[in-house]
Amino acid sequence: MTKLQTASLDLFDIQGDIVRPYGRFGFPFARYVFFNIREGTRGRAFLTAILAKVTSAATWGIGPDPIPKPLATTNLAFTYQGLKNLELPRATLAGFPEEFAMGMKARKDILGDDGPSSPEYWDPIWRKSRDKNRDLDVHVLVSINGQSMAALEERYQWLLEAVAASDGGVVQLSGHRGHDGAENLPYQEGHALLEDGQLCTKEHFGYTDGIGDPYFAGLADASERVRGRGKQMDDGTWAPLATGEFLLGHIDEAHEYPAAPVPFLLSRNGTFMVYRKLHENVASFDGFLERESRNFSGSKALLKAKFVGRWADNGAPLTTAPDDKSKAEWDARFAQASDVEKDRMLSDFTYDDDMSGAKCPFSSHMRRINPRASLEFTQGDKPGAMVRSRGAFDTPGALVNRRRIIRRGMPYGEAKDRTSDRGNHGIVIMMLNADIGRQFEFVQQQWINYGNDFKASNDKEILLGNHDKEYPSRAVLPADPDGERAPYFLRNIPRLVETRGGDYFFIPSMTALRLIAKGLVDPT
Amino acid sequence: MGSNVSGKAYALTILSPIKNAYVAGVACADTVRDQLENWNLLQNSPMARVPQTYLARLFVLDDVFTQSLPGAGALDTVSDFLPAVPDGIRRAALPTPDHLKSKYLVFSIDFHGELEPYLRGMWQAIAPEIQSVWQHCYGFDAVSDAEDFVAYMKKCQLTAALFFVGSNDDPLGEQLKALYLKQEFSRFALESQGLPTAELKKRYQEFIARVKPTDLTGPAWTPGQYALLKHSDARQEAAL
């Protein structure tokens, strides 16, 4: 027996994908495989068979009896229908939140999945799920990440054997789109993209992705990671967010346990996940950037950075590198910095000196997804000036701390022809939170597809907004209220990202997985 | 009177008792509710036709809500410490929940100006709709013209202190014009971005000539407008 390393979180009980972005831990290849459970007993037997290889969040490679880093990881998640078919008791099912039971497709009006993002254009697997034939409903997601393609393939073959052994109790669902018109692939692939032959952390528009992840109580390395990732306090310090914002069964930012089903053991250390396949319109993006850069007064790279709030090449935040000159200086410092310092340069910043958005625009991706303390603001005296409204909230980030989301995911496909929006390439994004309605759906509806909280009327987030030709989208790139320069308006923003499918999932703890597999979930 | 007024904005709250009766097997309160629901099926509320209306809300109040068993005050507190008090006495000391004497039609509006002219304007604009809803209320049988209506509504009036925050106290026409100008000006700013000064001046003059900023009878939002025009419809409109 090996003594557990002291840690605030029960890392052995939490599925690994909640705590680790596998892509950044040396697993550049991913495969997302979906199943329909036809029969409860055999479905649970299938779970029992694959449980042994489910990857927990336990730390790899330290201590006297180290947990080895696996060549491939495996993680599980379930839709509401999946839990129902695994025969969870009715009293337990009734305790799940309404939006989880409804699923992503039925929430399309809230999410703005309209026009080319509407469910009728989704990949066949998602079009057919939650439709007429219950045998085609998505019930289980098994996600595999591999250090190599070979390791990934080996784990996938092992999974298929377990499916075969279920004797028809579990059926793999095909219907993923691929290249060259493929419509019926058996799984969704994901992989880190290559840049100059090297694996990188970029997506198809060329941005460095996945930098800002929330830091919450119980995670390791607080002193190194909390600044810029936790919650901003009045005195300028940072504190970890409450664990209950991301894990069920823990106290959240409102000092309550998040809504969760009974029994407590089923929900504790689990969370909810939003799986979204997002297609990226690379030709529209390149064309839009090209068109706007002709009139924009700065460089094309700066304009590209204005869309997301970070420079595309290395993720330098606009708040600390607001123009070409300061970016060159930032790069020089970055090149000399240690890994810890690099991480800090990327994450540790506030909008305190950019309340008017002259550096990082209000409609940029990063500011909309995580406004930090910048919503505690009001109109200043000069035209276009916004100022901090100190003391308006309980803490400066009070509105934001309840809307944070852990993002996991991988690019998929290749943008083979950048002169066309067609093809199969984008991002599979998985967003983790304790409350899909309060966190993901709120951010999507109010901050991505609407701008009122940012005093930006109905301007949408530049990259992810559901821009619609019938109501031409604009975004303001504000100028310094003390300067001479005019703000710049982005006009007729095309739909840059389109939803291709997905659903809402529950990620149980390791304990809960065992209970479900044994049919021992008991709400009484 | 002061508490109903904020600057030139007026907050009116009316509670009209609905007859405790039925017609052709349907209770009057249910008929009122059904008629109000029908307003939701119209392109716009009849209240959009009533001059100077900022916001209107109508609903049927069935009864007051009982939130919990009310406490009995001092005796209840004392009896907690003196379990010797028999349960029967304790229960008898609890107050009974309150109920309304009838169901009410609640009519709550914010508008610009003074009460009587507003109510006269309302009668002139939508008398048939008023009659079809209010005929089910006690005392409305005697209402047959604008002055009767004003007198009736004042009898049903409650003092109000809360105002619609989405509006200031300017006349409705000025607010609608201002919203229109704000939207059109941002469109102008977008479309003329980066133009040389002379061209910008010329376009601005054209813009001002088109939107007529000081002319309230010129282009503006219409009362009750709740959606943006589609780009294709807006173009059509501009072409006409």
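The values are calculated or read from the model by the stated rules, or taken from the named source; none is laboratory data. Only a predicted model underlies this, so the values are computations on that prediction, with no experimental measurement involved. Every residue, glycine among them, receives a Cβ derived from its backbone with ideal geometry; neighbour counts consider all protein chains shown. When the accessible area is computed, the model is the full protein with side chains, heavy atoms only, and any ligands, DNA or RNA have been set aside. Shrake-Rupley method; radii C 1.70, N 1.55, O 1.52, S 1.80 Å.
Figures for the structure shown
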read-out	value
In region A:157-189, residue least open to solvent (accessible area, probe 1.4 Å) [restricted to those that are of a type in the set (A, V, I, L, M) and in a loop (DSSP other than H, G, I, E, B)]	A:L173
Checklist (1) closer than 30 Å to A:S420 by Cα; (2) hydroxyl-bearing (S, T, Y); (3) in contact with a Pro (Cβ under 7 Å, 6 or more places away or on another chain) applied to A:Y275, failing item	(3)
The listed residue being within 14 Å of chain B (Cβ to nearest Cβ) and not aliphatic (A, V, I, L, M), out of A:E341, A:E329, A:E292	A:E292
Region B:142-151 - residue that is farther than 12 Å from B:E116 by Cβ and modelled with pLDDT of 95 or more and, of those, surrounded by the most Cβ atoms within 10 Å (Cβ to Cβ)	B:V143
Residue among A:D417, A:D453 that alone is of a type in the set (D, E), surrounded by fewer than 24 Cβ atoms within 10 Å (Cβ to Cβ) and in a helix (DSSP H, G or I)	A:D453
Any hit, region A:94-106, residues being out of contact with any helix residue (DSSP H, G or I) (no Cβ under 7 Å at 6 or more places or on another chain) and under 25 Å from A:D13 (Cα atoms)	yes
Residue, most open to solvent (accessible area, probe 1.4 Å), within region A:190-204, restricted to residues that are more than 17 Å from the chain's Cα centre (by Cα) and under 30 Å from A:F246 (Cβ atoms)	A:L199
Odd one out for B:K202 among (1) open to solvent by less than 90 Å² (accessible area, probe 1.4 Å); (2) at pLDDT 95 or above	(1)
Residues of region A:456-499 satisfying the condition of being hydroxyl-bearing (S, T, Y) and in a strand (DSSP E or B)	A:Y471, A:Y488, A:T499
Residues satisfying the stated conditions in region A:478-499, i.e. surrounded by fewer than 23 Cβ atoms within 10 Å (Cβ to Cβ) and within 30 Å of A:G270 (Cα to Cα)	A:E498
Residue within region A:91-112 that is more than 24 Å from A:G501 (Cβ to Cβ) and not hydrophobic (A, V, I, L, M, F, W, C) present	yes
Residues being over 16 Å from A:R404 (Cα atoms) and among the polar types (S, T, N, Q) - total across region A:211-239	2
Any hit, region A:40-61, residues being over 24 Å from A:D503 (Cα atoms), open to solvent by 10 Å² or more (accessible area, probe 1.4 Å), at pLDDT below 95 and in a strand (DSSP E or B)	yes
Filter result (more than 10 Å from chain A (Cβ to nearest Cβ), within 34 Å of the chain's Cα centre (by Cα) and within 24 Å of A:S473 (Cα to Cα)) within region B:183-219	B:E184, B:F185, B:F188, B:I208, B:R210, B:V211, B:P219
Helices (runs of 4 or more DSSP H) wholly inside region B:160-240 that include at least 1 residues being closer than 22 Å to B:R57 by Cα	B:172-191
Residue check for B:K154: assigned to a helix (DSSP H, G or I), among the basic types (K, R), away from chain A (no Cβ under 14 Å) and over 30 Å from A:L477 (Cα atoms)	yes
Count of residues meeting criterion [touching a Gly at 6+ places or on another chain (Cβ under 8 Å) and within 17 Å of A:L83 (Cα to Cα)] in region A:36-65	10
Residues of region A:353-383 satisfying the condition of being open to solvent by 30 Å² or more (accessible area, probe 1.4 Å) and free of Cβ contacts under 8 Å to residues at least 40 places away in the same chain	A:D353, A:T378, A:D381
Sole residue being modelled with pLDDT of 95 or more, open to solvent by 50 Å² or more (accessible area, probe 1.4 Å) and away from chain B (no Cβ under 14 Å), chosen from A:Q439, A:Q445	A:Q445
Of all residues making up region A:75-127, the number that are open to solvent by 10 Å² or more (accessible area, probe 1.4 Å), assigned to a helix (DSSP H, G or I) and within 23 Å of A:F264 (Cα to Cα)	10
Options A:R388, A:R402; residue that is in contact (Cβ under 8 Å) with a residue 40 or more places away in the chain and open to solvent by 20 Å² or more (accessible area, probe 1.4 Å)	A:R402
Within region A:467-477, considering residues that are under 23 Å from A:E498 (Cβ atoms) and open to solvent by 20 Å² or more (accessible area, probe 1.4 Å), the one farthest from the other protein chains (Cβ to nearest Cβ)	A:D468
